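All remarks here apply to the structure that follows.
Values quoted throughout were computed directly from the atomic coordinates according to the rules given, and no laboratory measurement underlies them. Note that the structure is predicted; figures quoted are calculated from it, not measured. We place every Cβ from the backbone using ideal geometry, glycine too, and count neighbours over all the protein chains shown.
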Amino acid sequence: MKEYSRAHPNFSLCGLSCGLCPRHQTEGVSKCPGCGGPEFHLKHPSCAVITCASKHGGVEFCFQCEAFPCDRYKKPSRVDSFISYRNVLADFERAAAAGLETYLAELREKIDLLAFLIRDCNDGRSKGFYGLAVNLLDLDDLRAIRAEIGETIVPREADPKIRAGQVRRLFEDAARRRKIELKLRK
């Protein structure tokens, strides 16, 4: 694929929240730049969605296409990759209804929370879990969890495993209340 760039690589053309993906949140050669980010074409040499979008006027997001929802979205994926596809349609609906800038501001808030969790609450094994939880839970739940971390979770200087375990339980409790399974679908 030739070089492909977009104004918003943290929210992909196909609706994934790239900024919440563990491959985007990593360092080193396996770091994904997000959809249309710097050197995206080198990490993802082909993408059927980009090809499709170019045939439909070069839309920035699939929900902006005149053919949306096409078969890709009428039968959404039942499996996930590094990030869950479960919220794609709901995220598109929010972006369309509230406006792209409002949705992107919410996504930035989620990305900031994920960065905090990885930096201050990670035991070296929780990055994928945190990315999934932040992706699937709504912003009100996430704000409440963030506040509770500041009020009740052991200090950052404590054992990272204990801290990560406490934070994980907060996410699991919120997910259970919402009947959300915090596992990637294989």
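Listing for the model above:
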read-out: Extension reserve of the Thr152-Arg185 stretch, reckoned as 0.36 nm per residue once the Cα distance is removed; value: 8.7 nm
read-out: Most mobile of Leu89, Leu139, Leu42 in a GNM of the chain (Cα contacts under 10 Å); value: Leu42
read-out: Histogram of C-alpha separations across the chain, 5 Å bin width, %; value: 1, 8, 16, 20, 20, 16, 10, 6, 3, 1, 0
read-out: Mean residue ellipticity (222 nm) of the chain, computed from DSSP H runs ≥ 4 via -39,500 (n - 2.57), nearest 500; value: -15000 deg cm²/dmol
read-out: For region 15-46 versus region 56-126, the gap between their alpha-carbon centres in whole angstrom; value: 14 Å
read-out: Extension gain (nm, one decimal) between Leu139 and Leu89, 0.36 nm per residue minus Cα-Cα; value: 16.4 nm
read-out: Vicinal HN-Hα couplings computed from phi for region 16-32 (Karplus, 6.51 cos²θ - 1.76 cosθ + 1.60; Hz; Gly/Pro x); value: 6, 8, 3, x, 9, 7, x, 6, 7, 8, 9, 10, x, 5, 8, 5, 8
read-out: Reach of Lys183 by Cα under 29 Å, taken over lysines that are not fewer than 8 positions away in the same chain; value: Lys31, Lys43, Lys74, Lys75, Lys110, Lys127, Lys161
read-out: Most mobile of Lys55, Lys43, Lys127 in a GNM of the chain (Cα contacts under 10 Å); value: Lys55
read-out: Fully extended contour minus Cα-Cα distance, from Lys127 to Glu60, at 0.36 nm per residue; value: 21.3 nm
read-out: Förster-model FRET efficiency, 45 Å R0, Asp71 and Phe116, C-beta, rounded to 0.05; value: 0.70
